[in-house]
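Heads up: the structure comes next, in structure tokens.
The values are calculated or read from the model by the stated rules, or taken from the named source; none is laboratory data. What you see is a predicted model; the values in this text were computed from it and never measured. In this analysis, Cβ positions are derived from the backbone assuming ideal geometry, glycine residues included, and neighbour counts consider all displayed protein chains. Keep in mind that these areas ignore ligands, DNA and RNA; they rest on the heavy atoms of the full protein, side chains included. Shrake-Rupley method; radii C 1.70, N 1.55, O 1.52, S 1.80 Å.
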Amino acid sequence: MKDTRLSRLEAAAQALAFPLNEPIRIGGNYVPALRHGNEVHVSGQIPRIGTTVVCTGKAGSEVSLDEARHGARIATLRALCLLREAAGTLDAIERIVRITVYVQSAGDFTLQSEVADAASDLLVEILGEAGRHTRTSVGVWQLPKNATVELDLLAALRPA
Amino acid sequence: MKDTRLSRLEAAAQALAFPLNEPIRIGGNYVPALRHGNEVHVSGQIPRIGTTVVCTGKAGSEVSLDEARHGARIATLRALCLLREAAGTLDAIERIVRITVYVQSAGDFTLQSEVADAASDLLVEILGEAGRHTRTSVGVWQLPKNATVELDLLAALRPA
Amino acid sequence: MKDTRLSRLEAAAQALAFPLNEPIRIGGNYVPALRHGNEVHVSGQIPRIGTTVVCTGKAGSEVSLDEARHGARIATLRALCLLREAAGTLDAIERIVRITVYVQSAGDFTLQSEVADAASDLLVEILGEAGRHTRTSVGVWQLPKNATVELDLLAALRPA
């Protein structure tokens with residue numbers, strides 16, 4: 001099997017029981033991803049598989065660090081799928097420029113960076129150096145649908 | 001009456017009792033909007049009319065969903081006014097690229113997306129397809145001046 | 001002594017007891033700053049000097065407004081150092097385009113703008129008009145390592 005960005009995405013999705021070929025639906029009058037020039041913005045993604053949010057509640061009390069990291073990986077896979085769709089192929093990605101990771105946190109939970117590391121590691125695992133990004137991670141009070149993690153990103157594409 | 005972006009902005013502002021022709025003041029050593037190349041960044045806007053924040057407190061306890069959605073619309077109108085000023089005219093807007101919506105939330109309030117939908121709908125109502133954006137909405141613990149909603153945006157202008 | 005951006009950065013760093021010449025380390029599979037075209041994104045910075053976070057806890061209860069403002073200044077110095085490294089020199093900065101300031105806040109603390117003002121003022125003090133940016137400030141529930149403030153930024157460089 002060839003070792004490509006796509007094959008690595010497929011392997012990660014399989015390991016995380018994430019169905020790559022289901023369409024990712026979002027509600028509301030907005031778009032999941034938008035290409036402008038050579039940049040693609042991806043809307044905030046929560047760890048949803050199909051219609052189920054698979055990681056809900058506050059990290060540090062209702063949700064363990066490991067579970068929150070799993071949630072971060074699922075949100076990252078969704079973002080990558082949307083990015084791939086907007087870019088045509090993962091190979092068009094020049095660089096993940098920035099990600100912001102929001103972690104729904106218990107009052108004494110300060111390991112937001114450790115949650116975000118799961119997203120960062122997965123991006124680099126799949127995209128290599130092109131996956132190394134700038135990052136902001138914060139601990140928020142609530143997230144849509146009680147999700148534990150939400151992640152958005154900005155990517156740069158190779159000039160056409 | 002012609003159906004233009006400006007006429008739709010005026011109609012929305014009238015319906016929401018928002019005075020379009022008052023200057024929007026901000027404090028601090030920063031700018032309400034900044035054009036860089038063909039992009040305009042708009043600073044975080046809270047639902048302020050003149051000097052009064054018209055929607056304060058936590059959504060889900062002190063503030064109903066409907067009130068929070070009203071706050072989101074006012075913040076959106078402010079952002080659009082600032083964008084219009086930076087761009088010269090609403091017609092120069094090629095696309096709203098991204099919005100981030102912060103909702104000051106009660107502990108069990110998870111309808112941040114539904115609050116943000118009010119902003120998204122208004123952008124599309126006024127700008128049409130050009131108003132369809134990527135979006136991140138999160139539930140935060142506090143906002144400046146106890147505002148219920150804060151919204152910032154990035155827009156792309158038509159190449160000159 | 002010449003009055004340059006660098007001399008003003010050095011003066012501010014000295015006044016804040018911030019060591020300019022120590023390397024700024026970050027953990028994780030991400031980068032502290034990334035240049036893409038003429039833009040530089042800087043990752044979220046907390047008020048860390050060496051390996052110590054010098055301002056921790058919630059603004060408004062455990063941390064005073066003045067202390068939180070100090071934390072915002074240290075985070076800003078870190079961001080400027082990283083930006084300088086990515087840009088080669090502070091003189092290459094055309095504009096600070098945007099900053100986002102996250103303030104870990106007590107439940108009744110609504111002075112997030114006043115905390116962020118310390119960052120905005122410092123940027124303008126060092127960079128002059130080029131330091132005037134768009135801004136979003138929010139009050140969050142937790143930040144990595146219990147930091148009181150986190151700040152990220154986007155800067156535009158002069159075309160080469």
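Looking for something in contact (Cβ under 8 Å) with a residue 40 or more places away in the chain, aliphatic (A, V, I, L, M) and more than 20 Å from C:G139 (Cβ to Cβ) - is there at least one such residue anywhere in the stretch C:69-77? Quick ask: steps written out before the conclusion?
Step one: list which residues in the stretch C:69-77 are in contact (Cβ under 8 Å) with a residue 40 or more places away in the chain, which gives C:69-77.
Narrowing further to those that are aliphatic (A, V, I, L, M): C:72, C:74-75, C:77.
Still in the running and more than 20 Å from C:G139 (Cβ to Cβ): C:77.
Yes - at least one qualifying residue is present in the stretch C:69-77.
Among B:D108, B:D91, which is the only one that is surrounded by fewer than 20 Cβ atoms within 10 Å (Cβ to Cβ) and outside any helix (DSSP H, G or I)?
The unique qualifying residue is B:D108.
Just give me the residues in the stretch B:61-71 being of a type outside the set (G, A, S) and either open to solvent by less than 10 Å² (accessible area, probe 1.4 Å) or not in a loop (DSSP other than H, G, I, E, B) (or both), in sequence order. Spell out how you get there, then give the answer.
The initial filter retains those residues of the stretch B:61-71 that are of a type outside the set (G, A, S), namely B:62-63, B:65-67, B:69-70.
B:V63, B:L65, B:D66, B:E67, B:R69, B:H70, listed by residue number.
Which condition from (1) away from chain A (no Cβ under 14 Å); (2) surrounded by 15 or more Cβ atoms within 10 Å (Cβ to Cβ); (3) more than 23 Å from C:D66 (Cβ to Cβ) is the one that C:L9 breaks?
C:L9 satisfies all of (1) away from chain A (no Cβ under 14 Å); (2) surrounded by 15 or more Cβ atoms within 10 Å (Cβ to Cβ); (3) more than 23 Å from C:D66 (Cβ to Cβ) except (3).
In the list B:A155, B:A86, which residue meets the criterion of being modelled with pLDDT of 95 or more, under 27 Å from C:D117 (Cα atoms) and in a helix (DSSP H, G or I)?
B:A86
Which condition breaks for B:Y102 when tested against (1) more than 14 Å from the chain's Cα centre (by Cα); (2) under 22 Å from B:L154 (Cα atoms)?
Every condition holds for B:Y102 apart from (1).
Filter the stretch A:36-47 down to the residues that are closer than 14 Å to A:D152 by Cα and part of a strand (DSSP E or B) and list them by number.
Across the stretch A:36-47, the qualifying residues are A:E39, A:V40, A:H41, A:V42, A:S43, A:G44, A:Q45.
Tell me, which residue of the stretch A:129-152 that is among the aliphatic types (A, V, I, L, M) and outside any strand (DSSP E or B) is farthest from B:G107 (Cα to Cα)?
A:A130
Do we have C:N21 as of a type in the set (S, T, N, Q), open to solvent by 30 Å² or more (accessible area, probe 1.4 Å) and more than 14 Å from chain A (Cβ to nearest Cβ) here?
Details: of a type in the set (S, T, N, Q): yes; open to solvent by 30 Å² or more (accessible area, probe 1.4 Å): yes; more than 14 Å from chain A (Cβ to nearest Cβ): yes.
For C:N21, the condition - of a type in the set (S, T, N, Q), open to solvent by 30 Å² or more (accessible area, probe 1.4 Å) and more than 14 Å from chain A (Cβ to nearest Cβ) - is met.
Please indicate, with yes or no, whether at least one residue in the stretch B:121-128 is more than 13 Å from the chain's Cα centre (by Cα), at the interface with another protein chain (Cβ under 7 Å from one of its Cβ atoms) and either within 27 Å of A:Q104 (Cβ to Cβ) or not in a strand (DSSP E or B) (or both).
Within the stretch B:121-128, not a single residue is more than 13 Å from the chain's Cα centre (by Cα), at the interface with another protein chain (Cβ under 7 Å from one of its Cβ atoms) and either within 27 Å of A:Q104 (Cβ to Cβ) or not in a strand (DSSP E or B) (or both).
Quick check, is A:I74 at pLDDT 95 or above, in contact with an Asp or Glu (Cβ under 8 Å, 6 or more places away or on another chain) and not in a loop (DSSP other than H, G, I, E, B)? Talk me through it step by step, then tell me what you get.
On the way: at pLDDT 95 or above: yes; in contact with an Asp or Glu (Cβ under 8 Å, 6 or more places away or on another chain): no; not in a loop (DSSP other than H, G, I, E, B): yes.
The answer is no for A:I74.
Consider C:N38 against the criteria (1) open to solvent by 10 Å² or more (accessible area, probe 1.4 Å); (2) touching a Gly at 6+ places or on another chain (Cβ under 8 Å); (3) among the polar types (S, T, N, Q): it satisfies all of them except one. Which criterion is unmet?
So C:N38 meets the others, but not (2).
For the stretch C:86-95, which residues satisfy the criterion of being more than 9 Å from chain B (Cβ to nearest Cβ) and in contact (Cβ under 8 Å) with a residue 60 or more places away in the chain? So that I can check it myself, show each step before the final result.
Of the stretch C:86-95, the ones more than 9 Å from chain B (Cβ to nearest Cβ) are C:86-93.
Of everything in the stretch C:86-95, those that are more than 9 Å from chain B (Cβ to nearest Cβ) and in contact (Cβ under 8 Å) with a residue 60 or more places away in the chain turn out to be C:A87, C:T89, C:L90, C:D91, C:A92, C:I93.
Just to be sure before I move on: is C:G44 in contact with an Asp or Glu (Cβ under 6 Å, 6 or more places away or on another chain), under 24 Å from A:E114 (Cα atoms) and in contact (Cβ under 8 Å) with a residue 40 or more places away in the chain in the structure I sent?
On the way: in contact with an Asp or Glu (Cβ under 6 Å, 6 or more places away or on another chain): yes; under 24 Å from A:E114 (Cα atoms): yes; in contact (Cβ under 8 Å) with a residue 40 or more places away in the chain: yes.
When the stated conditions are applied, C:G44 passes them.
Checking A:A116 against (1) part of a strand (DSSP E or B); (2) closer than 30 Å to A:N38 by Cα; (3) within 9 Å of chain C (Cβ to nearest Cβ); (4) of a type in the set (G, A, S), which single condition isn't satisfied?
Result: A:A116 passes all but (1).
Of the numbered conditions (1) within 9 Å of chain A (Cβ to nearest Cβ); (2) of a type in the set (A, V, I, L, M); (3) open to solvent by less than 20 Å² (accessible area, probe 1.4 Å), B:L151 satisfies every one except a single condition; which is it?
Checking B:L151 against (1) within 9 Å of chain A (Cβ to nearest Cβ); (2) of a type in the set (A, V, I, L, M); (3) open to solvent by less than 20 Å² (accessible area, probe 1.4 Å), the one that fails is (1).
Could you say whether any residue in the stretch B:49-60 is open to solvent by 30 Å² or more (accessible area, probe 1.4 Å), farther than 26 Å from A:G44 by Cβ, free of Cβ contacts under 8 Å to residues at least 12 places away in the same chain and in a strand (DSSP E or B)?
Yes - at least one qualifying residue is present in the stretch B:49-60.
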